[in-house]
1. How about the stretch 333-392: which of its residues are among the hydrophobic types (A, V, I, L, M, F, W, C), under 20 Å from the mean Cα position of the chain (by Cα) and buried (at least 20 other Cβ atoms within 10 Å of the Cβ)?
2. Which of the numbered conditions does Val578 fail, given that it passes all the others? Conditions: (1) touching a strand residue (DSSP E or B) at 6+ places or on another chain (Cβ under 8 Å); (2) at pLDDT 90 or above; (3) of a type in the set (A, V, I, L, M).
3. Residue by residue through the stretch 511-560, note down the ones that are open to solvent by 40 Å² or more (accessible area, probe 1.4 Å), modelled with pLDDT under 95, small (Gly, Ala, Ser) and farther than 30 Å from Ser584 by Cα.
4. I'd like the full set of residues that are more than 23 Å from Asn330 (Cβ to Cβ) and without any contact (Cβ under 8 Å) to a residue 40 or more places away in the chain, limited to the stretch 258-284.
5. Within the stretch 62-84, work out how many residues are open to solvent by 60 Å² or more (accessible area, probe 1.4 Å) and modelled with pLDDT of 90 or more.
6. When only residues in the stretch 556-575 that are touching a strand residue (DSSP E or B) at 6+ places or on another chain (Cβ under 8 Å) and hydrophobic (A, V, I, L, M, F, W, C) count, which is farthest from Asn610 (Cα to Cα)?
7. Quick one: how many residues across the stretch 215-234 are of a type in the set (A, V, I, L, M, F, W, C), under 46 Å from the mean Cα position of the chain (by Cα) and assigned to a strand (DSSP E or B)?
8. Does Thr420 meet the test of being among the β-branched types (Val, Ile, Thr) and either touching a Pro at 6+ places or on another chain (Cβ under 8 Å) or modelled with pLDDT of 90 or more (or both)?
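The values are calculated or read from the model by the stated rules, or taken from the named source; none is laboratory data. The structure presented is a predicted model; accordingly, all values stated were derived computationally and were not measured. Glycine gets a Cβ as well: all are built from the backbone with ideal geometry, and neighbour counts include every protein chain shown. When the accessible area is computed, the model is the full protein with side chains, heavy atoms only, and any ligands, DNA or RNA have been set aside. Shrake-Rupley method; radii C 1.70, N 1.55, O 1.52, S 1.80 Å.
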Amino acid sequence: MRESRFERQSCQPTVSATTPFLKAAQSLFARIGSKAFPLLIGWSGLFLLANPGAVWGQCNPAGNPTRYEFTVNPTTMLNIAGQQFCTSQSMGTNCCGGQSSYRCLDLVFNLENGPMGEQFSPNCQGIVNLMTANGNFDALFFNVGTPDPAGNATDCSGDLSLGNNYTITVAFTGNAMGQIIAELTVFDNMGMVDTMKTEIANPGQAIIFTICKPGFGCVEDEIVFGCCNADATLALAAGAPATYCNGDSTTLKLTGLNGTPPYNLLFRAASATDTSYFTVPVPDDMDGDPTMDMTTLVVKPTDTTTYCLISVEDANGCVQPVMDQKVTINVNPVPELTLTATGPSAVTCGDTITIVIESTSGFDDLIGLQYSVDWDETQLKYLNHSALTIGGDVPMIGTANALSSGEMTYNWTAPGAGATLSDGTTILTISMQVLSSTGSATVSLTDTPLAFEVTNEAFCMGTLIPQNNVDITFNPIEVTCPASFPICESALPLNLTGLAVSPTGGTFSGAGVTGNMFSADAGITTIITYTYTDVNTNCTNSCSFDITVVATPSVDPVADQTVCAGDNVPQIDFSGNVPGASFSWTRTPEAIGLPANSGGNFVPAFTAANAGNTPLTSTFTVTAFLHRKRPDLHEHAYRI
């Protein structure tokens with residue numbers, strides 16, 4: 001004989017936003033005797049009345065689509081899950097008296113003896129779970145009586161207020177007197193018993209539920225009833241985990257009892273995101289035990305999910321509610337952490353640069369993190385690093401191959417610490433010196449030699465996402481040379497270290513260069529290359545310029561001139577043997593009418609003058625020159 005006392009049920013129905021008619025509902029649960037019977041509600045301002053009598057027992061007339069009637073006798077087998085019962089969509093069928101905005105639905109369970117006179121017995125067990133999600137269900141009437149085919153005007157108010165997220169369940173149990181005991185329990189949102197009510201119904205009577213609310217709404221139900229001995233159990237299979245990381249799976253053990261195989265077991269799978277029903281067959285396991293058959297079921301939920309066994313049906317059609325059989329699989333999310341590396345995009349050989357690695361996604365409950373960093377050691381030289389102490393623990397940084405192979409490993413572990421990395425937390429900085437003058441290189445977050453791993457407090461190993469590896473373009477050090485220039489052959493040899501090169505201390509090369517000295521024949525243009533190498537970084541660069549060796553410039557002869565006072569003396573232009581040569585002149589300062597005593601490439605025209613009675617002679621000295629030249633002198637004279 002099954003118990004009929006009330007206890008808190010442990011199998012919790014959960015409503016998800018993806019389940020029609022269950023959106024926004026909350027889950028609670030109740031136990032009746034040793035059996036589990038859930039009811040999920042989301043009613044606002046729900047009222048429960050004590051038995052108002054049959055006159056108030058139903059709203060809708062017989063045949064109305066919102067009056068749902070079931071005939072229940074000792075041969076009846078009911079096994080319904082997920083069906084929807086709705087109030088009328090038309091205000092014309094309202095039966096809430098003067099409360100014109102209210103509509104109701106009725107569930108009527110008409111009790112009868114069996115067709116051969118069979119009577120209800122303690123083997124008769126049933127459960128009714130009504131789950132609402134549309135809200136605003138304001139009144140629940142529960143009573144036993146004779147239903148009126150015409151229905152009645154129902155008073156949709158009540159004097160017992162129930163809050164949101166309360167739980168209601170009704171269990172049917174047969175007794176030795178051929179009656180059905182209907183036990184109603186209401187739990188508050190903390191799982192405490194708020195209201196209890198028991199009614200005894202005889203064949204010929206009905207157990208009646210009337211549910212009212214403003215406007216249209218539906219309930220989703222689970223209705224199970226049968227008078228037989230079949231039973232079932234649900235448990236984790238031996239060694240199967242009750243908690244795992246998303247992506248793994250576990251195994252349930254299903255057992256059919258006291259019936260004829262094969263059994264069909266009806267389940268509810270409830271998580272925060274989904275509620276679904278499914279049936280699993282349990283075949284004859286051929287073990288020779290006719291009272292028990294077992295099978296296993298592999299499940300792989302992606303969210304924490306409770307599997308509740310609702311009912312069992314054997315090969316002979318025996319249906320029984322299954323009480324207090326549930327398994328919760330706790331699914332821990334797979335962690336995900338994004339690491340971003342940043343650094344300069346363009347550098348000069350010899351620079352010291354810093355590579356920064358930081359968390360750019362944030363992470364809670366971190367207990368393990370590892371990865372590797374890779375670069376070209378011929379282009380970048382490891383100098384040092386700085387690592388963040390996380391949760392009081394210092395990470396292990398592997399630098400044994402940093403100089404020889406351009407790799408570094410990062411490993412931080414603190415089981416049970418559950419550290420938090422905020423978005424933008426710098427966890428590692430690496431200092432490097434640039435060795436290359438040309439080309440490019442990349443500093444990469446990589447899984448070699450130490451693989452990517454990020455682990456949370458639940459020991460779930462997740463995904464580490466590397467982002468923004470640092471691509472670096474190399475530039476040479478700056479080396480500058482003077483502009484190209486000519487030089488007279490008479491000025492050689494030339495000491496090149498006196499030229500305007502930067503930085504100083506480099507070497508010169510080219511035709512005519514010996515050491516730092518340059519000498520060449522006239523008519524030769526030589527490309528001189530200056531190369532500088534930094535002794536500390538080995539960074540090198542060069543520049544070049546031209547030296548053209550020319551003959552020593554000379555001044556073409558200019559004839560002496562004798563003029564009379566008052567004569568106009570024309571301009572005299574100087575020329576020489578080297579194109580591009582320049583000239584300068586000076587003269588003795590006799591007063592011959594020429595104001596200037598010196599000049600450049602020509603002597604300007606002037607009017608000859610002589611204030612005395614004797615001739616005046618002014619001697620002009622002309623110098624020809626080039627850049628870095630040895631001058632040639634020429635003299636001529638004016639006699640006036």
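1. The answer is Leu337, Leu339, Ala341, Ile357, Phe363, Leu366, Ile367, Leu369.
2. For Val578, the failing item is (2).
3. Those that are open to solvent by 40 Å² or more (accessible area, probe 1.4 Å), modelled with pLDDT under 95, small (Gly, Ala, Ser) and farther than 30 Å from Ser584 by Cα: Ala511, Gly515.
4. Residues satisfying the conditions are Asn258, Thr279, Pro281, Pro283, Asp284.
5. Start the filter on the stretch 62-84 by keeping residues that are open to solvent by 60 Å² or more (accessible area, probe 1.4 Å), which leaves 63, 65, 69, 71, 75, 77, 83-84.
From what is left, the residues that are modelled with pLDDT of 90 or more are 69, 71, 75, 77.
Counting residues in the stretch 62-84 that are open to solvent by 60 Å² or more (accessible area, probe 1.4 Å) and modelled with pLDDT of 90 or more gives 4.
6. Result: Phe574.
7. Number satisfying all stated conditions: 6.
8. So Thr420 does not fit the description; no.
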